[in-house]
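The values are calculated or read from the model by the stated rules, or taken from the named source; none is laboratory data. Please read all numbers here as calculations on a predicted model, not as lab measurements. All Cβ positions, even for glycine, are placed from backbone atoms using ideal geometry, and neighbour counts span all protein chains on display. With ligands, DNA and RNA removed, areas are computed over all heavy atoms of the protein, side chains included. Shrake-Rupley method; radii C 1.70, N 1.55, O 1.52, S 1.80 Å.
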Amino acid sequence: MWRRLQVKVGPARGLITSTQVTRRSTLGFCGSDLETHMEAMRKKAMDALPGSSWTPLEINPNLPPERADIVIVGGGVVGWSIYSQASTVLSGGGIRQQFSLPENIHLSLASADFLRNINEHLGVLNEDPIDLQFNQSGYLFLASEAVAHIMEENYSTQRYAGAKVSLLSPTQLKEKFPWVNTEGVVLASYGLENEGWFDPWSLLNAFKRKAISMGAIQCCGEVTGSCWSTATATYGHLQSCQCCQVQMPNSLEYQPVECAIVVNAAGAFSGKLTEMLGIGFGPKQSIAGIPLPFLNLNYAAEPDVSNLEVDHSFFQENVWPHLAFRVPAFEKLKVTSAWAGFYDYNTFDQNAIIGTHPLINNMYFATGFSGHGLQHSPAVGRAVAELILDGNYKTLDLSGFSFNRILTQEPKLETNIV
């Protein structure tokens, strides 16, 4: 049985001269020090009483909170962009306006303006200004006779959307870029502005720093499960994700996080997240039977992705000869390092999937960018934030990138894929 221990100790007076007492005092406490020590003991005893919050188990400070308004799954630039505007970065980052779809062109134009004025959007009080090392230099596309008409169509679309692009004949191309081998080229397209390259790591950290300054909580872990409620709708069972189970890295420890909204920005692993809610496992002719069209592991034109070992032979045999033929200077260059990573490739039409799923009314998609997620992240973050906060798009209409086109099997193809 626990009993309350009350001890009253008065302040020490005078000098202690006894040798024995002096030796004991060096091991104990005198005066106010003893009072402090006894107070700490009383507090520890009280904390151990039934009903207190004391626990003998160590609390992991890296656990996510038990409740959150919005859970964004995916710690890449798209996920952080969504949060910073609602309340992998080993490669070089590029941005271009030369696409075939108006939506992608408008996304690039909006994102380029964001990048040029990034400190107005992502600057944090008393923090260093952001330097993206944004080098503005146009992309150069080359076309053979077989596809020159597609380049001309894309050029018209780009100019109509407000992009500054010019077409070059083989002679003009050689004059502007004498180091390019123009053999087989009948037409070239060159971006005059709003294109170039920047440091993706700086952009990711800028979004992250801004989001955390606004109250975002970063958690490193893996969503391994979820819980949901189900209601019946005319076109199937409507689900609502009510919590995400987050497992800590290299641990069996996990934390269920209750939430009102989930944003699926998990890139190549986005399909795995929807599978936890049964999407893709329903009857084939039903909405629940249609999975996210991501990362066909047997895609013939790419190396095996069952592991992340660099396939040097693929580069040497399939990429290097084309580079050296078009730009002979590449013959004198040597590959010094390489890495391999996952690509959130949308096998349906190589375009983003943005918006809600028809059967999961509180899960928002921002994934499937097929290589241009980094450059479009500022504009996409704003668009998804508008969907969450306002219920519809306010600036750019991206409804053409909704999941509905997958249901109706009407691909929205982007022909200018790099």
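Here are some notes:
- In the stretch 66-201, the portion of solvent-accessible area held by carbon and sulfur atoms comes to 49 percent [1.4 Å probe, whole percent, DNA, RNA and ligands not counted].
- Accessible-area composition of the stretch 324-412, carbon plus sulfur, in percent [1.4 Å probe]: 51
- Alpha carbon convex hull of the stretch 240-375, projected area averaged over orientations, nm²: 11.6
- Near I72, the amide H atoms lying under 5 Å from its own belong to V263; only residues 5 or more places off or on other chains count, and H is placed 1.01 Å from N.
- Estimated from the Cβ-Cβ distance and a Förster radius of 30 angstrom, the FRET efficiency linking Q285 and C227 is about 0.65.
- The loop-placed trypsin sites (Lys or Arg not before Pro) in the stretch 308-340, going by DSSP, that have at most 13 neighbouring Cβ atoms within 10 Å of their Cβ come out as K334.
- H376, H121, reordered so the largest accessible area comes first (probe 1.4 Å): H121, H376
- Two-site label geometry, L252 and S144: point separation in nm, points 7 Å out along Cα→Cβ: 5.8
- Total formal charge among the other residues, if their Cβ is under 12 angstrom from that of R382, Lys/Arg +1 and Asp/Glu -1: -2
- Once the 1.4 Å probe is applied to the protein heavy atoms, the stretch 160-268 comes out at 52 Å² accessible per residue.
- Within the stretch 131-239, GluC sites (Glu not before Pro) in DSSP loop having at most 11 other beta-carbon neighbours inside 10 Å: E145, E183
- Here the stretch 321-418 yields Rg over Rh of 1.13, to two decimals, using C-alpha coordinates and the Kirkwood radius.
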